1. Report, by residue number, each residue of the stretch 39-66 that is surrounded by 14 or more Cβ atoms within 10 Å (Cβ to Cβ), outside any strand (DSSP E or B) and of a type in the set (Ser, Thr, Tyr).
2. Could you please find all residues in the stretch 67-83 being open to solvent by less than 40 Å² (accessible area, probe 1.4 Å) and among the hydrophobic types (A, V, I, L, M, F, W, C)?
3. Can you give me the number of residues within the stretch 138-186 that are over 24 Å from residue 31 (Cβ atoms) and either touching a Cys at 6+ places or on another chain (Cβ under 7 Å) or small (Gly, Ala, Ser) (or both)?
4. With 168, 126 as the choices, which residue is under 18 Å from residue 100 (Cβ atoms) and more than 16 Å from the chain's Cα centre (by Cα)?
5. Among the numbered criteria (1) at pLDDT below 95; (2) more than 13 Å from the chain's Cα centre (by Cα), which single criterion is violated by residue 12?
6. It is to be established whether one or more residues within the stretch 174-190 are aliphatic (A, V, I, L, M), over 29 Å from residue 71 (Cβ atoms) and in contact with a Leu (Cβ under 7 Å, 6 or more places away or on another chain).
7. Could you run through the stretch 147-171 and say how many residues are free of Cβ contacts under 8 Å to residues at least 60 places away in the same chain and surrounded by fewer than 17 Cβ atoms within 10 Å (Cβ to Cβ)?
8. Which of the residues spanning the stretch 178-207 are open to solvent by 50 Å² or more (accessible area, probe 1.4 Å) and in a loop (DSSP other than H, G, I, E, B)?
Amino acid sequence: MSRTAGILLTAVWLLLSGCGINHTVSKVIFDDIYRLKDADNIEFAFSKDSMLVVSQKGIYELAESSTGEPLLRICLADISRELPEDYDFTEYRMKKQQKQIILTLATDAFELDANPMVLSYLEGEDGLLSGSAFEGVYQIGADTDSYQYLFEEDGSVVLQIRQRYYADEGRITLSDHGGSTDYLYEAEEDTLVIQNLKGEPILNLERMEE
């Protein structure tokens, strides 16, 4: 993953975490899809039922290592802004363990075997070990976690985070399986800026045209 994409993805994941879940219906309702400024592949879809779905689109490849191990290669950068030779993939070794697939980084620079990523098949085709592109959905982590990978036959993949939001005038709470965190926000006709409680911008969102 490119450094820029990594920073954006980290910002999204850090934003959507906290402690203490809130399922109250929002007082201020958003019903729009926003794009993260300067990142056309990251979208925030707010709905009337107080749900928020964050999606980061990229591409993937299924391959084999030199020793025959199945590999998953994912690039979550905004590839519309890059040339194919500049795509920066993160490569994972894949291992079947009962009904789950265990992912560990396929690099000597990191050692994640003690804390691997665990994927569980949800729907579509269970094709991660098939060696070719497929259409299927996998849960990341436990059944109650909020993160999923959506794989498509055209080689695209979406990292999706499902949330709830509660907004009052100038304040918004974002919640997932890990808990909830309070933020400030400023909403204009075509923009939504999420800020920390000090008023410092964290995410600058631009409303997408219908």
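1. 47, 50 - these are the residues of the stretch 39-66 that are surrounded by 14 or more Cβ atoms within 10 Å (Cβ to Cβ), outside any strand (DSSP E or B) and of a type in the set (Ser, Thr, Tyr).
2. 71, 72, 74, 75, 76, 77
3. The number of residues fulfilling the criteria is 6.
4. None of the other options fit; the residue is 126.
5. Only one criterion is unmet by residue 12, namely (2).
6. Looking through the stretch 174-190, at least one residue is aliphatic (A, V, I, L, M), over 29 Å from residue 71 (Cβ atoms) and in contact with a Leu (Cβ under 7 Å, 6 or more places away or on another chain).
7. Result for the stretch 147-171: 5.
8. 188, 189, 190, 197, 198, 200, listed by residue number.
The values are calculated or read from the model by the stated rules, or taken from the named source; none is laboratory data. As the structure is a computational prediction, the values presented were derived from the model and not from experiment. Counting neighbours? That spans all protein chains shown, and the Cβs are built from the backbone with ideal geometry, glycine included. Each accessible area value is taken on the protein alone, full model and side chains, heavy atoms only, with ligands, DNA and RNA left out. Shrake-Rupley method; radii C 1.70, N 1.55, O 1.52, S 1.80 Å.
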